Structure formats: structure tokens, C-alpha cells
1. I'd like the Karplus ³J(HN,Hα) series for region 331-346: coefficients 6.51, -1.76, 1.60, θ = phi - 60°, whole numbers in Hz, and an x wherever there's a Gly or Pro.
2. Would you kindly find the accessible area of T267, with a 1.4 Å probe and non-protein molecules such as ligands, DNA and RNA excluded, rounding to the nearest 10 Å²?
3. First check a/c for region 84-152, with a ≥ b ≥ c the square roots of the eigenvalues of its C-alpha gyration tensor; if it is under 1.5, answer rounded, and if not, answer prolate when a/b is larger than b/c or oblate otherwise.
4. For every helix of n ≥ 4 consecutive DSSP H residues, a contribution of -39,500 (n - 2.57) applies; sum these over the chain, divide by its total residues, and give [θ] at 222 nm rounded to the nearest 500 deg cm²/dmol.
5. At 1.4 Å probe size, with the rest of the protein present, what percent of the exposed accessible area of region 176-278 is carbon and sulfur atoms?
6. Give the residue list of trypsin sites (Lys or Arg not before Pro) in region 163-197 that are DSSP loop and have at most 10 other beta-carbon atoms within 10 angstrom.
7. What percent antiparallel are the DSSP beta bridges of the chain, to the nearest 5?
8. Could you put S249, S79 in order of accessible surface area, largest first, with the 1.4 Å probe and the full protein assembly present?
Amino acid sequence: MNKNYYAVIMAGGVGSRFWPVSTTDFPKQFHDMLGAGQTLIQKTFSRLSKLIPAENILVLTNEKYSSIVLDQLPQINPSQVLTEPAMRNTAPCILYASLKIKKQNPDALMIVAPSDHWIEDEAAFTTNVQQCFDFCSQHNALMTLGIQPTFPNTGFGYIEFDKADANAVKKVHQFREKPDYETAKSFLEQGNFLWNGGIFIWSVASVTQAFEQYQPAMNSLFMQGWAQFNTGSEKDFIDQHYALAENISIDYALMENAQNVYVLPATFDWNDLGTWGSLHEKLDKDENNNAVVNATVMINNASSNIISTSKDKLVIIDGLEDFIIVDKDNVLLIYPKSKEQEIKGIVGQLPK
């Protein structure tokens, strides 16, 4: 394996659209959502370690989840878990990790990947990442893996590339915000739009140079800790300074400003597992399109539901179509799939 290859797994999210299974104390990345025998973060680590040395894989997470990470990934050292003392979106945590890696290995190439995506064709994923590493080793580039859209999804941002670009790696024309349905349909018809899956690849030299150029205040804040990175005083510096960083995503901070942004259209199937509906897509279904996790069911006159309970609970359903039915501890959720985006708002209204 190439010692210059590094990975950063982002594992700090709460996954509130998967409530009540995903909670602030135990979010979805630490659950085996698909019954695959591994949690989502374990699956992500396993996928990345096919190309990247295990000791070069860092996990970015909230302080409260560090013990869960170490419990689920016993093959890593505590020094590989980077804890955020405050929630500050993706740009600050990526800069933090990039500077740590750069100080350790200025020739490093790195991939940043969410901990909760589902990728079935892992061989194709590895091939695509290798293509990106090869490109970034030769060019000053900020790269992303674009996902081939399969339907006009209004829940994702899109990446527009130049139609005339015949190269495998495309120059990005612009990032587009989450569209309405008609706009998403037009994107698919045009054929040069990809879903923004939030997977990034670059050299540490390129990404830190981009932060210097486009986020000078944030870069200056973190560079104050350069001498402390990878030493025993790093945590003290982060605890004192991290919360001062702007709350901004990597897309807004860098990708939408930089001129050296490229995309590789991915050749693997991908699911961001962001909602119960996206989980329904990946699970096995019965003849009426019902998906079941753990439960024992008796279903009549019901279709396109997802049913998730504790193991072996008997669930009897009649007359429901397109519903989310989740029984977890002291919560029973029965909610239309068409309104699944509202679940996050409900969680915000619950008593603390």
C-alpha cells in the first residue's frame, strides 16, 4: 500500500432523519442499518482500507462519540480519532485534518468520505479513488467523485461539468444547489449533471493552499496550532480555538470558489442512506414492495412500507401504503414516507 495515501472519515453527524433508531447519543453511522453484519462506519473503514494503510485513516467525530468509534474500530489508535469540541460543519474539520496530515507527510494525498454512505461495488470504488489519486498526484486539483443520477432527486446538490469535455476527469463548471423537481428533471435531460456525494480527493498541498487563498481567517486560526499538531498539546489547542472557526461547509468554503475543481463520474452504485426512504431502496422487499428490518410481520393489503423493530417483534399491518413504521425502545413512529424530510424537524421539537 502507498504510504502517501490517507483517508479522513467524517463521523460527527446525528442522522436525525433516521430517528428514533438514530439518536444524538448513538447516531446512524454506528448502527448496522442494512443488516450487513457491520455498522456503517465499520463498512466505510473496511472499504477505504483496501487502498489506504489502516494507520493512515483518521476519523473526525464529536467528542461524545470517540469511545464508540474506538469500540467499533479496535484496529485504530486513539490518536487517529480527531474530536470536535464544537459542531462547525465540514470546512473546519477538514482543514484541521489536512494540516495534521501535511505536518506528518507533506507529500500526502487524501480522500475525505462520510461515514454513513452505502457503496455496493467496492472494487469499482477503489478503482475510482485510485484514478483520483493518480490525477491529484500530477495536478493542483480539488477533486470530487460525482454520482450518476438515477432520478430527479431534489434532496441532493448537483455538479455541472462541461459537456464538451471528453476526458475521464471533467473540469467542474459549477455547483448547483438542491433544485426543485422540474429543475432536477432538466438536469438529468441535459446529461452533464452529477449528484454531489460529498466525497473529496486532493493532495494536502492543494487543499491547504486553497484554504490559504479562500479562507484566510480560518487558515490563520488553525495555523496558530501548527507547532502543537501531532503532539501532546494538540488537544488543548483545539479545545481552545476550534469553536472560533466559522460554521461553513467545504462546498461553500472552497469548492464553489476555486478554479481548479474537477469531478470524476463514479462507476459504482451509491446511496447516501439519508432517510428511511433511501434505506427502503436498498433493502430486500416482498412482492408488495414492503421492506422489513428485524420484525416478524403479518401484512395484508399493504405496500411500499418500511418496518423496523427490535428483533423478532410481531407486527401486524393492514391497509397502509408508503409508511415508515419504526418501534425503538419507548418510541413508536408511524409516518408517511412522503413526509420523511419532516422527521428532522420533529426531533428538534422533542423535550430534551
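The values are calculated or read from the model by the stated rules, or taken from the named source; none is laboratory data. Computed from a predicted model, the values in this text were never measured in an experiment. Here Cβ is always computed from backbone atoms with ideal geometry, including for glycine, and neighbour counts include all displayed protein chains. Areas reflect the complete protein model, heavy atoms only, side chains present, ligands, DNA and RNA absent. Shrake-Rupley method; radii C 1.70, N 1.55, O 1.52, S 1.80 Å.
1. Result, ordered by residue: 10, 10, 10, 10, 8, x, 4, 5, 10, 5, 5, 7, 4, 4, x, 5 Hz.
2. 100
3. Values: a/c = 2.08, a/b = 1.23, b/c = 1.69.
Judged from the Cα gyration tensor, region 84-152 comes out oblate (a/c at least 1.5, b/c at or above a/b).
4. Values: 10 runs with 99 residues, N = 352.
Value at 222 nm, helices only, nearest 500: -8000 deg cm²/dmol.
5. On the way: 2080 of 4490 Å².
Within region 176-278, the accessible surface is 46 percent carbon and sulfur.
6. Details: sites: K163, K170, K171, R176, K185; in loops: K163.
Within region 163-197, no trypsin sites (Lys or Arg not before Pro) qualify (loop, at most 10 other Cβ atoms within 10 Å).
7. Values: 27 of 58 bridges.
Antiparallel: roughly 45 percent of the beta bridges in the chain.
8. Numbers: S249 20, S79 85 Å².
The residues order as S79, S249, largest area first.
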